[in-house]
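Below: one structure, written as structure tokens.
The values are calculated or read from the model by the stated rules, or taken from the named source; none is laboratory data. Computed from a predicted structure; not experimentally measured. For neighbour counting, all protein chains shown are included, and Cβ atoms are generated from backbone atoms with ideal geometry for every residue, glycine included. Surface areas here come from the heavy atoms of the whole protein model, side chains and all, with no ligands, DNA or RNA. Shrake-Rupley method; radii C 1.70, N 1.55, O 1.52, S 1.80 Å.
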Amino acid sequence: SNKPIMIIHHLEDCPHSQALKKVFAEHKDIQKLAEKFILLNLVYETTDKNLSPDGQYVPRILFIDPSLTVRADITGRYSNRLYAYEPSDISLLYSNMQKALKLLKTEL
């Protein structure tokens, strides 16, 4: 479908995951933009190193391009957890979603 993939790693019993999930669900612009992605919610940890390039932690959001490559150029603001987003980072997540769509269009 040539949509970018957005993988959201989270755990049901993780307060950080639940807090991010709530903000994500309530953000109308993100919900609209999410329709342009293939969203994959992973509620368990994976042993696939491609899906945990800098370690296993939650919540973790990765953007994957159509060649099935993790976009290392689309990250959050934490140097020790590159793909982590806190509820206060929701505007950064939104801009990263826009960036993922823009990069996809220029690379096809």
(message) Apply the Karplus curve 6.51 cos²θ - 1.76 cosθ + 1.60, θ = phi - 60°, to the phi angles in the stretch 14-30 and return the couplings in whole Hz, x for Gly and Pro.
(response) 9, x, 5, 4, 5, 5, 5, 4, 5, 5, 4, 5, 8, 8, 4, 5, 5
(message) Cross-link candidates for Lys105: which lysines have Cα within less than 24 Å, leaving aside residues fewer than 8 places away along the same chain?
(response) Lys3, Lys28, Lys32, Lys36
(message) Calculate the FRET efficiency for Gln18 and Ile38 from the Cβ-Cβ distance with a Förster distance of 22 Å, rounded to the nearest 0.05.
(response) 0.45
(message) Ranking request for peptides 7-20, 27-40: highest mean number of other beta-carbon atoms within 10 Å first, then the rest in descending order.
(response) 7-20, 27-40
(request) With N denoting the number of residues in the stretch 22-69, provide Rg(C-alpha) divided by 2.2 N^0.38 Å, to two decimal places. (result) 1.30
(message) Could you report the chain's accessible area per residue, 1.4 Å probe, as an integer in Å²?
(response) 58
(request) Before rounding to the nearest 500, sum -39500 (n - 2.57) across all DSSP H runs of length at least 4 in the chain and divide by the residue total; then give [θ] at 222 nm in deg cm²/dmol. (result) -10500 deg cm²/dmol
(message) Leaving ligands and nucleic acids out of the surface, order Glu45, Glu86 by accessible area at 1.4 Å, largest first.
(response) Glu45, Glu86
(request) Run the accessible area of the chain with a 1.4 Å probe and give the carbon-and-sulfur part as a rounded percent. (result) 56
(request) Would you indicate which of (1) 44; (2) 40; (3) 29 is the value of percent of Cα pairs over 21 Å apart derived from the coordinates of this structure? (result) (3)
(request) Could you tell me which trypsin sites (Lys or Arg not before Pro) in the stretch 52-101 are loop residues by DSSP with no more than 13 other beta carbons within 10 angstrom of their beta carbon? (result) Arg77
(request) Starting from the amide H of Gly76, placed 1.01 Å from N in the peptide plane, find each other amide H under 5 Å away whose residue is 5 or more places distant or on another chain. (result) Tyr83, Ala84
(message) Charges at C-beta only: +1 for Lys and Arg, -1 for Asp and Glu. How large is the resulting dipole of the chain about its Cα centre, in Debye rounded to 20?
(response) 360
(request) Tabulate in residue order the Karplus-calculated ³J(HN,Hα) for the stretch 39-48, using 6.51 cos²θ - 1.76 cosθ + 1.60 with θ = phi - 60°, rounded to whole Hz; enter x for Gly and Pro. (result) 9, 10, 8, 10, 9, 9, 7, 10, 8, 6
